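A.B. asks: This is the structure, below, for whatever I ask next.
Rule-based calculations on the coordinates, nothing more; no lab input. From a predicted model like this one, the values you see are computed outputs, not experimental measurements. Cβ coordinates were reconstructed from backbone atoms using ideal geometry, including for glycine residues, and neighbour counts include every protein chain displayed.
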């Protein structure tokens, strides 16, 4: 089989899943150093791929754009002219993008590893069925191993190189909010209404514990968490607690996380995009898990002896967790997150991350 000259990678969303697909990209680049590689991704997640070494082109696809978006995508894909398309998502929408690419060679996950298995019919080449483990990254590593047999450079957990300009900006942003050399603790707020989010009252309790323990802490809220972030900024007044309310821009967040890792920091987050972004640049994550199973979707590598990440669950854990539901049906509400003690979380957050000095 001739080596491909133009390779298209399809992973449209979401932020954490785009990050999980990075090993597939690195495997393709290692196996085909002279090929041009493009990545089809939704515009809101394309920023995370900005400046990725070895990626020649980002092709945006607005999935809610209707027929016009599909026509524009077809034009862009025709212009690129892929001879190999790799579907690293595994659902109907990614299958249609893969088919629209017109590539004669269309590779992806084993049909058993697809979320919507009938979509795998558009492929003419499949990776072996994943037997590595239950995590989403295990499936990506299986696909990467199929595409670059014998090459393991993609397996390292720091998949997202950080440009010097981004790191410098991240250092400046961190120093302006938490000056000094103390290892910082970062807290990423969960989106209101998301069953994975830790309640605001618990976050306020946590910040009070951090202030009492003289622990420098930065609270991050994106556009969706801006109102909650603004309220928290007034609830626990302390010079040791800083707030970046309404933080916008994935490149800025990448730089900040890399700078925090450089200073021996740690991120507290629920199972979310920021948690996976932090893990990809080497910032240890303390993940609060309720309806999700961190063994399947938590920060990579999964918590264990060789991982810098840790997961906390309610103790005792309700019998219904993990449920993977997008809305909670428990009669008492989100008890799997409500029952996570702020004192217990603070105690773990202020410890050095596993493997650090």
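A.B. asks: Please work out the C-alpha center-to-center distance from segment 88-159 to segment 17-37 and express it in whole Å.
C.D. replies: Going from one Cα centre to the other spans 12 Å.
A.B. asks: Using the Cα atoms as the points, what is the convex hull volume per residue of segment 105-198 in Å³?
C.D. replies: Each residue corresponds to 206 Å³ of Cα convex hull volume.
A.B. asks: Something else about it: On a 0 to 90 degree scale, rounded to 10, what angle separates helix 164-177 from the longest Cα axis of the chain?
C.D. replies: 20
A.B. asks: A follow-up question, please. For residue 214 and residue 191, compute 0.36 nm times the residue count separating them, minus their Cα-Cα distance, and round to one decimal in nm.
C.D. replies: Result for the pair: 5.6 nm of gain on full extension.
A.B. asks: Let me ask you something else. Residues in segment 259-284 near a label at residue 44, defined as backbone nitrogen under 19 Å from the 7 Å Cα→Cβ point?
C.D. replies: Counting only backbone N, you get 270-278.
A.B. asks: Here's something else I'd like to know. Take the eigenvalues of the Cα gyration tensor for segment 306-357, scale each by 5, and report the square roots as semi-axes in whole Å, largest first.
C.D. replies: Each semi-axis is √(5λ); the values are 27, 13, 8 Å.
A.B. asks: Further question: Say we join alpha carbon atoms closer than 10 Å with springs in a Gaussian network model of the chain; which of 39, 114, 159 then has the biggest fluctuation?
C.D. replies: 114
A.B. asks: Can you give the angle from 0 to 90° between the axis of helix 250-262 and the longest principal axis of the chain, with both taken from C-alpha atoms, to the nearest 10?
C.D. replies: 60
A.B. asks: Still on this structure, I have one more. Over the residues of segment 6-155, compute the C-alpha Rg and express it relative to 2.2 N^0.38 Å.
C.D. replies: Segment 6-155 yields a ratio of 0.94.
A.B. asks: Further question on the same structure: Find the relative contact order for the chain and round it to a whole percent, using C-alpha pairs within less than 8 Å whose residues are 6+ positions apart.
C.D. replies: 15
A.B. asks: Output the 0 to 90 degree angle, nearest 10, between the alpha-carbon long axis of helix 22-31 and the longest principal axis computed from the alpha carbons of the chain.
C.D. replies: With both axes taken from Cα atoms, the answer is about 40 degrees.
A.B. asks: Rounded to a whole number of µm²/s, how large is the Stokes-Einstein D of the chain at 25 °C and 0.890 mPa s, given Rh as the Kirkwood radius over C-alpha pairs?
C.D. replies: The Stokes-Einstein estimate is 116 µm²/s.
A.B. asks: Over segment 186-276, what relative contact order in percent results from Cα pairs under 8 Å that are six or more residues apart?
C.D. replies: It comes to 36 percent, rounded to a whole number.
A.B. asks: Once fully extended, how much extra length lies between residue 105 and residue 79, figured as 0.36 nm per residue of separation less the alpha-carbon to alpha-carbon distance?
C.D. replies: Between residue 105 and residue 79, full extension yields an extra 7.7 nm.
A.B. asks: When averaged across all projection directions, what area in nm² does the alpha-carbon convex hull of segment 286-335 cover?
C.D. replies: 3.8
A.B. asks: Additional query: For segment 29-101, go through all pairs of different Cα atoms, get the mean of 1/r, take its inverse, and jot down that Kirkwood value in Å.
C.D. replies: 13.0
A.B. asks: Now for a different question. Provide Rg over Rh for segment 206-332; use the alpha carbon set for both Rg and the Kirkwood Rh (inverse mean inverse pair distance).
C.D. replies: Ratio value, two decimals: 0.97.
A.B. asks: Right, next: For the chain, what does -39500 (n - 2.57) per DSSP helix run (n ≥ 4), summed and divided by total residues, give at 222 nm, in deg cm²/dmol to the nearest 500?
C.D. replies: -10500 deg cm²/dmol
A.B. asks: Over the residues of segment 132-289, compute the C-alpha Rg and express it relative to 2.2 N^0.38 Å.
C.D. replies: 1.11
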